[in-house]
1. Return the residues of the stretch B:1-48 that are loosely packed, with under 13 Cβ neighbours inside 10 Å and under 15 Å from residue B:76 (Cα atoms); say none if nothing qualifies.
2. Exactly one of (1) more than 10 Å from chain A (Cβ to nearest Cβ); (2) surrounded by 16 or more Cβ atoms within 10 Å (Cβ to Cβ); (3) more than 16 Å from the chain's Cα centre (by Cα) is unmet by residue B:66. Its number?
3. Would you say residue B:84 is basic (Lys, Arg) and either in a helix (DSSP H, G or I) or modelled with pLDDT under 95 (or both)?
4. Could you list all residues from the stretch A:47-79 that are within 14 Å of DNA strand C (Cβ to nearest atom) and free of Cβ contacts under 8 Å to residues at least 24 places away in the same chain?
5. When you go through (1) within 11 Å of chain A (Cβ to nearest Cβ); (2) over 16 Å from residue A:89 (Cβ atoms); (3) modelled with pLDDT of 95 or more one by one for residue B:115, which number turns out not to apply?
6. Kindly indicate whether any position in the stretch A:36-44 is free of Cβ contacts under 8 Å to residues at least 24 places away in the same chain, away from DNA strand D (no atom under 16 Å from the Cβ), in a helix (DSSP H, G or I) and touching a Ser or Thr at 6+ places or on another chain (Cβ under 8 Å).
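The values are calculated or read from the model by the stated rules, or taken from the named source; none is laboratory data. What you are looking at is a predicted structure, and each value in this text was computed from that prediction instead of being measured. Reconstructed Cβ throughout: ideal geometry from the backbone, glycine too, with neighbour counts over all protein chains shown.
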There are 2 protein chains.
Amino acid sequence: MSEDRLSRVFAALADPTRRDLVARLSSADATVGELAAPYDVSLQAVSKHLKVLEDAGLVSRESRRAPVRLEAEVFDLMTKWIERYQQQAEERYQRLDALLAEMQESTPPQQSRAEDAS
Amino acid sequence: MSEDRLSRVFAALADPTRRDLVARLSSADATVGELAAPYDVSLQAVSKHLKVLEDAGLVSRESRRAPVRLEAEVFDLMTKWIERYQQQAEERYQRLDALLAEMQESTPPQQSRAEDAS
DNA sequence: AAGTTACTCAACCAAATGGTTGACAATGGC
DNA sequence: GCCATTGTCAACCATTTGGTTGAGTAACTT
């Protein structure tokens, strides 16, 4: 479903120029020309970058020459995905730690363990 | 600095297969073979995907045939980036809302506004 | 020490990406 | 209504990407 959308969002942000555009748009809306000015690539190249951001839903415009606006809601999509697996992984590590601690307890102080034998 | 690292992380997660690998690794470590099994691409292809994830720092292994492990800390890098601009954008929208509200207050109820004239 | 099994490297291919330049379309000012 | 400005589309190019197959390497098993 939104599988493809997530792919587009991540792919869009994988490019440093595009991330910089997002960064700049987070502090103020701006037209394509304004956005293009600081970079040493053609206006067309920046226009393409903006299309990628737009297709990913990260950015929108009311009409052609209107200022580009950041769509901050899309960030939630990423955050949700990230948090889900981060949390799951962390919980697992916690369980593992607990398990290790338990094993250590039931096994009284020993001289050596297989893995770190000198 | 870690500009390049962020690019690699986002690019790594832009691929659905790679996102699925991460998802599966979040619930349990697994070997390359185990990870490859469910997909209908070659083992080599999955091996390549894992290399991409590894280069992005999302995944690690102690040795060749050891189980692959998810490095959940990298998620923080993304989260930090996202939250920074999301927050900045939201603050800006709040200020804008406040400004509009203020303008509305100083402008007593009017019959029509330019934009939505019938 | 030898043989399997598990994985990676290398070469190749098609498609996608980020860039270019040149022609075109749409907006805003006069 | 015309012109200048602003932005997009199209065609092209080099590089990267995700896949393949085949050959090689590394690690357990016995």
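1. Answer for the stretch B:1-48, where residues must be loosely packed, with under 13 Cβ neighbours inside 10 Å and under 15 Å from residue B:76 (Cα atoms): B:2, B:3.
2. (2)
3. Considered against the rule, which asks whether it is basic (Lys, Arg) and either in a helix (DSSP H, G or I) or modelled with pLDDT under 95 (or both), residue B:84 comes out as yes.
4. A:47, A:48, A:51, A:54, A:61, A:62, A:63, A:64
5. Of (1) within 11 Å of chain A (Cβ to nearest Cβ); (2) over 16 Å from residue A:89 (Cβ atoms); (3) modelled with pLDDT of 95 or more, only one is false for residue B:115: (3).
6. So far as the stretch A:36-44 goes, no, none of its residues is free of Cβ contacts under 8 Å to residues at least 24 places away in the same chain, away from DNA strand D (no atom under 16 Å from the Cβ), in a helix (DSSP H, G or I) and touching a Ser or Thr at 6+ places or on another chain (Cβ under 8 Å).
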